[in-house]
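Participant: A single structure is presented below for examination.
No value in this document is a laboratory result; all are computed from the given coordinates. This is a predicted model, so every value here is computed, not measured. Backbone-built Cβ (ideal geometry, glycine too); neighbour counts: all protein chains shown.
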Amino acid sequence: MEKTAKGLVQYAKAQLGRPYWYGTYGQLGTQDCYNRKKAQYPAYYKWSYTPQTAAQKVHDCAGLIKGYLWCDSPDAAPVYNKLQDKSANGLYSACKEKGNIKTLPEMPGVLVFMSGHVGVYIGGGEVIEARGHDYGVVKTRLSARPWKNWGICPYITYEQEKGEVCKVDVPVLKKGAKGASVKAMQQLLIANKCSCGIKGADSSFGPATDKALRKYQSKQGLSVDGSCGPKTWASLLGV
């Protein structure tokens, strides 16, 4: 089953209100699971088991992402994959596209990071995170938490489906912008025979990309303003 950014967001939303257990990734919170994890991570299991969790899935912060990767549905049991078993910091290291949180693209499913912790950006300035045992899986405002960086999860597809960008808050891109949204725009420009220069789709909106965008806008009869807004995105995506 293909794993997508949209699917990650849906999975994370389905886990809201469920418990945080360190070292878990979507197992049921049974007595047996508790006993095994307490033996494995005694420092993190100084609290007592309660049977109310037996029918609920449990995750830690990175486990929220692994739970999606390893489960066929929000309520299915996970199937372990050693190659994708990363800590929060390990997930950040695995991200090939990443940046400072100030350059976060408006792209639901992007991962957000602080040291030792990871969450899922769901759009509209909101994050879902398995925050800790005292909180569980919660939805928080991006601006209310000390996130430092963002990253594109290497194990899922960030769809450029027709109309998808226009269904969310479209990133208005101008010269000087950086990040995954810029790269997506550059790839679409290049596909439309508008070269972005020697560096190609390098995620940085420089003079060559500005020239390519203006060329495309002129060819398509759009306003030639060097700004990739909703109409230009719609044209690039063919919607």
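Participant: The chain: longest stretch without exposed chymotrypsin sites (Phe, Trp or Tyr not before Pro) (DSSP loop, at most 13 other Cβ within 10 Å), sites themselves excluded? Let's see the in-between values first.
Facilitator: Working: sites that count: W47, Y80, Y135.
Maximal segment without exposed cleavage sites: 136-239.
Participant: Given [x] 1.08; [y] 1.06; [z] 0.98 as candidate values of Rg/Rh (Cα atoms, Kirkwood Rh), which corresponds to the one derived from the coordinates?
Facilitator: [y]
Participant: Run down the lysines and flag those whose C-alpha is under 24 Å from the C-alpha of K174, throwing out any fewer than 8 positions away in its chain.
Facilitator: K96, K98, K102, K148, K162, K183, K193, K199, K211, K215, K219, K231
Participant: Give, rounded to the nearest 20 debye, the magnitude of the charge dipole that the stretch 5-151 has about its Cα centre when Lys and Arg contribute +1 at Cβ and Asp and Glu contribute -1 at Cβ.
Facilitator: So the dipole magnitude of the stretch 5-151 works out to roughly 260 debye.
Participant: With labels modelled as points extended 7 Å from the Cα through the Cβ direction, what inter-label distance (nm, one decimal) is found for K211 paired with I190?
Facilitator: 1.7
Participant: Can you tell which of I156, I122, I198 shows the greatest fluctuation in a Gaussian network model of the chain with Cα springs below 10 Å?
Facilitator: I198
Participant: Same structure, new question: Given only helices, namely DSSP H runs of n ≥ 4 each adding -39500 (n - 2.57), what is the per-residue ellipticity at 222 nm of the chain, to the nearest 500 deg cm²/dmol? Walk me through the numbers on the way to the answer.
Facilitator: Values: 8 runs with 74 residues, N = 239.
Taken over the chain, the calculation gives -9000 deg cm²/dmol.
Participant: In addition: Does the stretch 84-145 come out rounded, prolate or oblate by the C-alpha gyration tensor, with a ≥ b ≥ c the root eigenvalues, rounded set by a/c under 1.5 and, if not, prolate when a/b is larger than b/c and oblate if not? Each step should come with its number before you reach the end.
Facilitator: On the way: a/c = 1.83, a/b = 1.06, b/c = 1.72.
Cα axes put the stretch 84-145 in the oblate bin.
Participant: Hey, another quick one. Fewest first, what order do H133, H117, H59 take by the number of other Cβ atoms within 10 Å?
Facilitator: Working: H133 15, H117 22, H59 30.
In increasing order of surrounding Cβ atoms, one gets H133, H117, H59.
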